[in-house]
Every structure is written in C-alpha cells, then in structure tokens.
1. Pairs Lys143/Lys251; Lys162/Lys187; Lys251/Lys430; Lys183/Lys577; Lys251/Lys577; Lys183/Lys573: which exceed 19 Å Cα-Cα?
2. Using a Förster distance of 30 angstrom, determine the FRET efficiency expected from the C-beta separation of Arg379 and Lys430, and round it to 0.05.
3. About its Cα centre, how strong a charge dipole does region 451-591 have in debye, to the nearest 20, once Lys and Arg get +1 and Asp and Glu get -1 at the Cβ?
4. Quick one: if the Förster radius is 51 Å, what FRET efficiency do His48 and Ile238 give, using the C-beta to C-beta distance and rounding to 0.05?
5. What is the order of Leu377, Leu242, fewest Cβ neighbours within 10 Å to most?
6. Can you put Thr52, Thr226 in order of Cβ neighbours within 10 angstrom, beginning with the fewest?
7. Which of the listed residues, Phe314, Val325, Trp340, is farthest toward the dipole's positive end in region 287-353, when Lys, Arg count +1 and Asp, Glu count -1 at the beta-carbon?
8. Report the FRET efficiency, 1/(1 + (r/R0)^6), for Ser599 and Asp84, where r is their Cβ-Cβ distance and R0 is 56 Å, rounded to 0.05.
Amino acid sequence: MPAEATITAAVGPTVPMAATDSQPAAGDDDEFQDAVEEQAVFTLPEHHGPMTLERSLDECRLAVRYFFNNQFDEAREIMRPWRDSSMYHAMGYGTMLYLQAIMTFDPRDIEVAVDVLRSSVEVCNRFRRKSTLGETVSKIVKKPDYGLYTEEEAHAELCYAKCLLLRAVLNFVEDETLISLVKGGLKVKTCYTCYRDCWQMLKHRDWTGSKTKQHFEGGVRLGVGTFNLMISQLPAKILKLLEFVGFTGNKDIGLRELETGFSLTESIHRSLCSLVLLGYHLVATYFMSNSEGDLVASERILSEQLVTYPNGAFFLFFAGRLELVRGHFERSAQLYRESWQSQRCWTQFHHVCFWELFWNNVFLSQWEEAAEFAGLLLRESRWSRTIYSYLRAASLLMLAEQSPGEDSQRQEINTLMNTLPDFKQRIAGKSVPAEKFVIRKSRRYLAQGGRLLMPGYELLYLWNGFKILRKRRHLVEDVFSEVEHELAALDNKAAASEFAADERALLLLLRGVCLVHLSSPLQAEEALLAVTRLQSQLRDDHYLVPFAWLELGLLALQAGRTEDAVKILEHAKSGYKGYNMINRLHFRVHAAMGAIAASKSGSATPDPLTAPDENGCDDAAAGTDDDL
C-alpha cells in the first residue's frame, strides 16, 4: 500500500470542530462542529485504600490516554489531587505544565511550571533510596548492589530524573545569568547520572513477579534513548566538551532504546517513545539524510498510533510532517489543519500547525496564504514576533513581485521591517541566531529604499527546504526560472547598487542549488564556485560563501568523491567566522560528516549510559546528586 494510503487509512475520518477566531477566513468556508460532544470516556480499575505504586501507574495510564485523545484538562485533573504525595502524579502534572510553558513561552506559565517542577522534584526525592555513608564511599571502588533498591525506590529514581531534566530545561529559559546556566547544567549532569543508575537497576535488580517493570523499563529506555539522540546530533566541538565532563551519545543506541520502549505495549511511556522517534525521523528527513528508511520508520509508528488515537493532535501533526517530507504538500496541509482543528484546549499547539502551514505554502509559492499564516503567528504566538514579522514581510514582498499590490500593502511591509528589531529576545542568555539574521535583513531592506531580493526563496534555502522541494521537480524548475529572470535583470541594470555583489551571490547560490536538484551537477558547481569568487566584494551577506562551499562539499559527496567532500566540508566549517546562521551550517556539516563516518564503519561506540566501565564499576554512581 502506498505511504499516503496507509496514513489515510490509519487516520480515518476526523472529528470536526467549531471554528475559532484564529482560523483564517480566506478560502475556508467549511462548517465545523464541536468536538467536545465526541470526547472519549475512559475508566480506571477499581482501587481501594491509599495511593500505591500500581494505582498511581494505572492513573497515569489513564491520563496518558486522555492526553493523546486531546482531552488535556481531563488528563491534568487526574494528576492534580495527588501531585504532592505521589511520585508519578507529581511527574505527570509537572510534565503537562512544562509542555504548556514551552508552547506558550509566556513568563507567567514558565514561572508556574518552574514552581510545580521544583515541588515535583522534592516529591520524587522523598521516595528515593537514601544511601548510608558506607554505601556512598563503597560506590567509588566497587559496583553498587542494585538489588538493595525496592521497586518503589527504583521508580522514584526514574521519576526524579525526568522531573529534574524538565526543571533544568526551564532553568535555561527562565534566567539568563551565568549562575542559572551553571545550575541548569549541573541538573542535567545529575539527571544523566540517575538514568545510568536506572539502567543498571533494570539490568541487575531482580524484577521477578513485578507488575510494574514494563513501566519502569519504558521510562528508562525513553530517557536513555532521548539522551543519546540529543547528544549525538551536537557539533563536534560541543561533543568534545561534553565528553570531557562525562557525556556522550550514540544515534544507533538511542534509536534502538526508543524502539524497544515503543514495543512495550503496556508501558505508560510508549506514546512518548513514539513521539521522540517520530520527531527524530522526520527531522532527519528534513535536515539530514532524507532517507527512505526514516520515512518508512515514521510511517510504521504513525500507522500503529493513529489506530489507537485517530484524532490525536500530536499524531495528526506528525502525519502531516510525513506527507510534507514526501512532497505531498496538499495532503500535508489537510493533516495540519485536522491536527489544529482537533482540539481547542491548547491553542498554543495551533501555532505549531500555523508554522508548518506557513512553510507548506512557501513550498508551493503561495505567498498570499503564507502571509496569512505568518500574520496569525504574529498576532497570537509569543515565540518570536521578530521572526514572524519578517516571515510576513518576506511573503508580502514575494507576492508584490508576482502581482504589485496596493499602497497599504507596501506600508505594512515598511512597518513590519521598521518595528521587528524592537521585539528581539534572548534565550539562555544568548540572542536567537534566526532573529539576528532577519534583523540584518530588515536593515538591508531599509538601506535599499524598500527593496529586498527573493527573501522567500532565501528563507526556503536556509531552512533546508530544497531537499523537500526536489520531490516535486516542476516546483524546482519554477524557482530556477524566477532566479534566471532576476539574474538577467541584474545584468541589464544601468547602475550597480552597493549591494550588487550580495544580490548576485544570492542568486548564484539559489541557481546552483536548483541545478543540484535538477540533476545538472557540472552547471551547479560552476554557479557555486562563482559565489566563492565574489567573497571580497560582499558587503553584507557574508554567509553566502561558506554555504556555497557546503553545497560544493555535498555535491562532491553525491559524486562519490568522499575525500574531496571531507576537505571541502571542513573548509566550509572552519574557514569562515562571524557570519549569520553559522550554527545551521555547522549542523549540516555535522550531519554530512556523520553520514560519511557511518558509511566507513558500521561499528557502534559503547554508551556510558548503558555500560559499566572496564572494571565493572559504574563510575557515574560515585557522583553526588544532593543539594539541588
């Protein structure tokens, strides 16, 4: 069965919803009914007496089912009454408020989530095993006896690690001071150590007759897998620093552990394992390998999950992303809309769908629709008004090139470009690279008297969209035709502007990328080399030269010239500094180098999260995790 048919069959009919104020009016006259009438009702096994470990896991399983059925308030209300006395209720309640804080980016939500997670950490810590002084000292010289941990203490260590990790992430967002960053880093290190202990408990503790092992195993594999995937994707320079302080990660191990966690059908962590796997595979297809294996894995997981939660917003969203990376933009837009319209409880999740729908329309060069979604984000989302302002301005500029608009449209573009720097923000003490880029572009627009060359296609390139666009050859041909037209216009200009070299370099880069995906490598190489020869003439867009070298390296890799590719990619990464979007280039180089290394050797490096040291002693256990 074709991929799209599989997903369509798995999704089935969706539950329509009442239209909301955030719904674009243009071309959307469907009547939506209220989904609340169709909400599912789940039941708990009968329990009597105090809150036990098994009862807390049953209630967590129920909350997970509500959560992935879009009934977020019901899920939270199950967790709320016992959040101060049950480790799993504390973890579940804290996780939900964490997700809300991350989606809204509202300082008030962040503050509430921080307080709740601080309390969650304290609740979990009360149930953890308290080592004697002798046991603490003995950990330094010999492997701990994990058989001493009770079942409740093992679960407490796992819940503690999860809550601590979420608290650490909010540490980075909440406060920009160096002290806060150090504290957050120490929490992540402690969390890493806790997961190592949990892994050893899973392997060495006697779980005979346990009714809760599968839940524990699912949580451990979720944590170990996520850590490995996250760390393995970092640039080499950061990886070396992390390895120095005891962190390391292996992609293959991460995927293996998450797949195993997903296979545990009774585990309360199964759906979370699936979300991390989907996120990885679909990011991989978008930014890195774009391999059929990632697409097949995504399709398999979605097919299973959508049968159980056919109207779940998260899985409909990932189904939309799968169709996007396959180049099925129309079907993708439909699924994103179904995801957005499937629930009203968390309107912030609508914004994630709006972001995807913006790019969906960019792929199709539907600039009016793209501007509509950028406008929705600008009005409703708190994530980055700077970026949203530029996305809308860029879309309106592209629209004006196709069909010159009214004066009011030009006035709006001018207002957006003038005001977007006022909204710039700092996260974890640092400026946002994409915000710095669009602020520079807004200044360029003003310096050129209200002109900016092909800003929509420039964004499409920087967000690596051509790897998706190539699935629809005629769309690449359309972009190529527009680029050729602009190059001819540039050649025919009577007087060159001060940014003429920057404009030519951008057009040549876009020309080269289009030719790569139109299977004309020699012409592509010629255009990309022409970009590098303009280096000394560039006034503003210095990022174009290293990105041209990046594309030349990928072109060499595609041609099978691996040694040349490595040299060119290293030059792209190390030969230039101080330009915009440098992290995006490093990320792509890192991904390409990883693919080269994987092709040379199929062996996996050992993972310190899952393996003891050569003396059989788990050295992480010697670390202290008090005084948090």
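Computed from the coordinates by the stated procedures, all read-outs in this text should not be read as laboratory data. Small disclaimer: the values here were computed from a predicted structure and weren't measured. As a convention, Cβ positions derive from the backbone with ideal geometry for all residues, glycine included, and neighbour counts pool all protein chains shown.
1. Beyond 19 Å between Cα atoms: Lys143/Lys251; Lys251/Lys430; Lys183/Lys577; Lys251/Lys577; Lys183/Lys573.
2. The pair Arg379/Lys430 has a calculated efficiency of 0.70.
3. My answer is approximately 460 debye.
4. So, using R0 = 51 Å, E works out to roughly 0.45.
5. Leu242, Leu377
6. Ascending number of Cβ neighbours within 10 Å: Thr52, Thr226.
7. In region 287-353, that residue is Trp340.
8. The formula returns an efficiency of 0.60 here.
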